[in-house]
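Chemist: Pasting in a structure now, in structure tokens, and then I'll have a few things to ask.
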Amino acid sequence: WQPHLLGLSCPLRALTGMPCPTCFLTRSTAAALRGELGESLALHAFGPALALGLILWSVDAVRRRQLYPRGLEAGHLALFSGALLIYWGVRMVLHIGLGLTAFPSG
């Protein structure tokens, strides 16, 4: 956690108190990039996969000298977004509906 870094917090969470689908994803990705997979998964299940994707994308971008990822299509983004919404929905049901701790505190 880097409290001295500037940044915006989640507007949905600030207004409603409920986390959005990507809340904790940045921290999860950062933890995965540091090799802390347990912490990463505890924060957000998509963090390790996103970290791996960022590493692969970076290597490919340097090799090809092009920023845009090869083979990325709108369908891939739609699939990722849909999976993210389903994951968020399950967490919300666990958190609100069943009263289980599905989101980290903080």
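Chemist: Among the residues of segment 16-28, is any within 23 Å of residue 101 (Cβ to Cβ), free of Cβ contacts under 8 Å to residues at least 12 places away in the same chain and over 15 Å from the mean Cα position of the chain (by Cα)?
Modeler: Checked segment 16-28: at least one residue is within 23 Å of residue 101 (Cβ to Cβ), free of Cβ contacts under 8 Å to residues at least 12 places away in the same chain and over 15 Å from the mean Cα position of the chain (by Cα).
Chemist: When residue 77 is evaluated against the numbered criteria (1) assigned to a helix (DSSP H, G or I); (2) modelled with pLDDT under 95; (3) surrounded by 11 or more Cβ atoms within 10 Å (Cβ to Cβ), which criterion, by number, is the only one it fails?
Modeler: (3)
Chemist: So, one more: Among the residues of segment 22-73, which ones are in a helix (DSSP H, G or I), small (Gly, Ala, Ser) and exposed (fewer than 13 other Cβ atoms within 10 Å of the Cβ)?
Modeler: Correct list: 38, 58.
Chemist: Touching a Phe, Trp or Tyr at 6+ places or on another chain (Cβ under 9 Å), of a type in the set (Val, Ile, Thr) and at pLDDT 90 or above: does that describe residue 22?
Modeler: Yes, satisfied.
The values are calculated or read from the model by the stated rules, or taken from the named source; none is laboratory data. Nothing here was measured: the structure is a model prediction, and the numbers come from that model. All Cβ positions, glycine included, derive from the backbone under ideal geometry; neighbour counts span all protein chains shown.
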